[in-house]
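The values are calculated or read from the model by the stated rules, or taken from the named source; none is laboratory data. Just so you know, these numbers come straight off a predicted model, no measurement behind them. Reconstructed Cβ throughout: ideal geometry from the backbone, glycine too, with neighbour counts over all protein chains shown. Areas reflect the complete protein model, heavy atoms only, side chains present, ligands, DNA and RNA absent. Shrake-Rupley method; radii C 1.70, N 1.55, O 1.52, S 1.80 Å.
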Amino acid sequence: MAYRKTPAELERLQAAREHLVDQATTVVADVGWAQASVSVVAAAAGISAGSVYQHFPSKSALAVEVFRRASGREVEVLGEVLRGAGDPVERLARGVRVFARRALERRGLAYALLAAPADAAVGAERLEFRRRYRELFAKVIAEGSAEGPLPVQNEWITAAALTGAIGEVLVDPLGTPDEALVAELIAMSLRCAGAPTLQEGLRP
């Protein structure tokens, strides 16, 4: 009869796996994907390199899990804002503000998610990450077009343009102070979507 782990053992393994992913995320934010070797991550987690392979079959598998967890949290936060209260223009402005401020608060992680060199498996996850962002922006832009604040447009093209432009600016902010950068990104996004003006109540 095959040995079956007890609930307590499974709980310990899950806790160890969560700790490993958390530490790997911190390492990636600090040094990037290429330098986040199994040995470096293991040292940060306080375990042996061999113990990493008890949870993940390869460095690539661990990197994919780190990316999925971190990007999933960002998509979830943005989705909550874009589906929240207010008209579509207000929600779009708030969404860009939250996206930008979260990226600026954790610049290393934002760079890892948006642009840092990575292996093919992480690159594939990054494409999915951008697709999910585009879907969220496209939905609120389509609502704005249907309800009137925004002109009729191809919401997918606008959403793709916003996703690319916001990511590019956040990766290379050109020395602009954070609050000014957030304000400029909001203004740019509303212009791109065709909002009439940036209302005072939408300013950061």
Net charge over other residues, Cβ less than 14 angstrom from the Cβ of Leu62 (K, R count +1; D, E count -1): -1
Under the Karplus curve 6.51 cos²θ - 1.76 cosθ + 1.60, θ = phi - 60°, whole-Hz ³J(HN,Hα) for the range 172-183, x wherever Gly or Pro sits: 10, x, 6, x, 6, x, 3, 5, 5, 5, 4, 4
Signed unit charges on C-beta, dipole axis of the range 67-193, positive-most listed residue Gly95, Tyr111, Val140: Tyr111
Candidates Leu136, Leu162, Leu174: whichever shows maximal mean-square fluctuation once the chain is modelled as a Gaussian network with Cα springs under 10 Å: Leu174
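For the chain, what is the accessible area per residue in Å², given a 1.4 Å probe and the full set of protein chains?
So the chain comes to 52 Å² accessible per residue, rounded to a whole number.
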Under the Karplus curve 6.51 cos²θ - 1.76 cosθ + 1.60, θ = phi - 60°, whole-Hz ³J(HN,Hα) for the range 109-124, x wherever Gly or Pro sits: 5, 4, 5, 4, 6, 8, 8, 4, x, 8, 6, 4, 5, 5, x, 5
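Treating only the Cβ of Lys, Arg, Asp and Glu as charged (+1, +1, -1, -1), what charge dipole size does the chain show about its Cα centre? Round to the nearest 20 debye. Please report the intermediate quantities before stating the final value.
On the way: 24 positive and 25 negative charges, 94 e Å.
Dipole about the Cα centre, nearest 20: 460 debye.
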Positive-pole candidate from Leu174, Ser189, Pro57, dipole of the chain, charges at beta carbon: Pro57
Percent RCO, i.e. relative contact order, over the range 7-56, from Cα pairs under 8 Å lying at least 6 residues apart: 32 percent
Excluding exposed DSSP-loop trypsin sites (Lys or Arg not before Pro) (at most 11 other C-beta within 10 Å), longest clean stretch of the chain: 6-204
